[in-house]
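Here's the structure, in structure tokens; my notes come after.
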Amino acid sequence: MQCRVCNTEIHPFMTFGQMPIANGFLTADQIKDEYFYELAPAVCGNVICGMFQLMEQPEPQRMFHENYAFHTGTSKYMDAHFKAWAQRIAPGSHVIEIGCNDGTFLQHLKARYCDCVGIEPAKNVALIAQAKGLRVRAEFFQEFARTAATQVDYILAANVMCHIPDINGMAKEIARLLKPHGQFIFEDPYLPDMLRQTSFDQIYDEHVFMFSASTVKRAFAPHGLHLIRCEPQPVHGGSMRYTLSPVNMPGTKGLEDTLEREAAISKNAYWHFAERCSERREAINALLGKLNGAKVVGYGATSKSTTMLNYCGLGPNEIQYIADTTPIKQGKLAPGSHIPIRSYEEFMLDYPDFAILLAWNHAAEIMAKEKKFRGRWITYVPNVGIQ
Ligand code: TYD
Ligand code: ZN
């Protein structure tokens, strides 16, 4: 297998074993056809690349389709996050948002009088955005770029770039569609945060890459997109926002400091991470094993939880159901583990003894709204424990 950025031969540093599609919530009659692939991360050994990536990624059509279960607007904090980001975009700008999902960010940009177009291959969420009166093309960005010619002020992407394996093809089109003084700004989960927290469940099929400032800088520079700023974001369990410019100007102090810190991460960090993943798996199983007979449910049917539940071998025997506010997930089964997904009301009307916080990236928002819950929380990031 070749590195997707630089073509160097790559090898996995660990495997999570066979995994289903992380957002592949399914009905009982779909179990027999459930798709599995091997989830194994690798780090490119070429020093001028070093990209963290998956060995194997299912075809995009298996992940982003008319039943795509991820809806940005389900979290109030994420909505506020996009509102604040929109405030940083010059009013009246021409904007392309890659992977606009249900239009949460576009709505805030439109309120700033920006002329925006969203590109979203998952047809169901694209329809939701269109119904809000937003201009959205239901296609993959590469298809859009084939015919697009107008240059824009900003190209924006949140939790999208790390999904797309053809990073060189994307970079080339993005560079072509940006005005000479335009900016390409994107954010994604941040690899050093994942290593630090051992948040191994951020590794799943959609996240073909896990970026750091150094790998972003090296991957985009050959296409004339220069990293000039990076800003940590407290979303999705620790993210980084990258600003790239067609103009090669000096980076900010924050960027220089970040690059320096990243340079100090040792090659052994990945082997140590792999060891901590299997320790974490043992600790989760040991903790659940001690709760004999108690009612344990999951809170938030995140994509991430698919990696955790399947890697730890958990199912309906350990976790009765997972409560989630997303209608399209309710009534279905969680991928691979086949734990039923139920509505949030079910959780509220009959509190369990223990709730395992699968949506740990929303811990602050959830703790604020679950003050009445008298059971105990089980957490597994950054540590395994009962709160
Ligand atoms: P998300 O944060 O998008 O994580 P991932 O990228 O791993 O899928 O998923 C959050 C999930 O949790 C989503 O299905 C909605 C659900 N959720 C609740 O059920 N209640 C809540 O209060 C919040 C914040 C999220
Ligand atoms: Zn490489």
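The requirement of being within 11 Å of ligand 1 (Cβ to nearest atom) and not in a strand (DSSP E or B) is fulfilled somewhere in segment 282-301, by at least one residue. For segment 315-337, a residue qualifies if it is within 14 Å of ligand 1 (Cβ to nearest atom), out of contact with any Pro (no Cβ under 7 Å at 6 or more places or on another chain) and hydroxyl-bearing (Ser, Thr, Tyr), and the qualifying residues are THR325, THR326. Of all positions in segment 175-188, none carries a residue that is assigned to a loop (DSSP other than H, G, I, E, B) and either of a type in the set (Gly, Ala, Ser) or at pLDDT 95 or above (or both). Scan segment 78-93 and tell me whether some residue there is part of a loop (DSSP other than H, G, I, E, B) and under 18 Å from the mean Cα position of the chain (by Cα). Scanning segment 78-93, I find no residue that is part of a loop (DSSP other than H, G, I, E, B) and under 18 Å from the mean Cα position of the chain (by Cα), so the answer is no. Applying the criterion of being over 21 Å from GLY45 (Cβ atoms) and touching a residue at least 24 places away in the same chain (Cβ under 8 Å) to the residues of segment 249-260, the residue that is surrounded by the fewest Cβ atoms within 10 Å (Cβ to Cβ) is GLY254. Considering only segment 317-365, state which residues are touching a helix residue (DSSP H, G or I) at 6+ places or on another chain (Cβ under 9 Å) and among the polar types (S, T, N, Q). Passing the criteria: THR325, THR326, GLN330, SER337, ASN361. Considering the conditions (1) over 27 Å from PRO234 (Cα atoms); (2) of a type outside the set (A, V, I, L, M, F, W, C); (3) part of a helix (DSSP H, G or I); (4) at pLDDT 95 or above, PRO192 is excluded by exactly one of them, (1).
All conditions but one from (1) more than 20 Å from the chain's Cα centre (by Cα); (2) farther than 18 Å from TYR380 by Cα; (3) touching a residue at least 24 places away in the same chain (Cβ under 8 Å) apply to ALA334; the one that does not is (1).
Listed here are the residues, each with its yes/no results for (1) over 30 Å from GLU275 (Cβ atoms); (2) of a type in the set (Asp, Glu); (3) surrounded by 14 or more Cβ atoms within 10 Å (Cβ to Cβ).
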residue	(1), (2), (3)
TYR35	no, no, yes
ASN46	no, no, yes
GLU66	yes, yes, no
HIS71	yes, no, yes
ALA111	yes, no, no
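Candidates in segment 1-33 are the residues that are within 16 Å of ligand 1 (Cβ to nearest atom) and among the aromatic types (Phe, Trp, Tyr); of these, the one that is surrounded by the most Cβ atoms within 10 Å (Cβ to Cβ) is PHE25. Across segment 338-363, which residue is nearest to GLN30 (Cα to Cα) among those that are in a loop (DSSP other than H, G, I, E, B) and either without any contact (Cβ under 8 Å) to a residue 24 or more places away in the chain or touching a Pro at 6+ places or on another chain (Cβ under 8 Å) (or both)? Once the filter is applied, the top-ranked residue is HIS338. Exactly one residue out of THR326, THR302, THR306 is open to solvent by less than 30 Å² (accessible area, probe 1.4 Å) and at pLDDT below 95: that is THR326. For segment 146-162, a residue qualifies if it is modelled with pLDDT under 95 and assigned to a helix (DSSP H, G or I), and the qualifying residues are ARG146, THR147.
The values are calculated or read from the model by the stated rules, or taken from the named source; none is laboratory data. Just so it is clear, the model here is predicted, and its values are computed rather than measured. So basically every Cβ, Gly included, is an ideal-geometry build from the backbone, and we count neighbours across all protein chains shown. Protein only, heavy atoms only, side chains kept; ligands, DNA and RNA dropped before computing areas. Shrake-Rupley method; radii C 1.70, N 1.55, O 1.52, S 1.80 Å.
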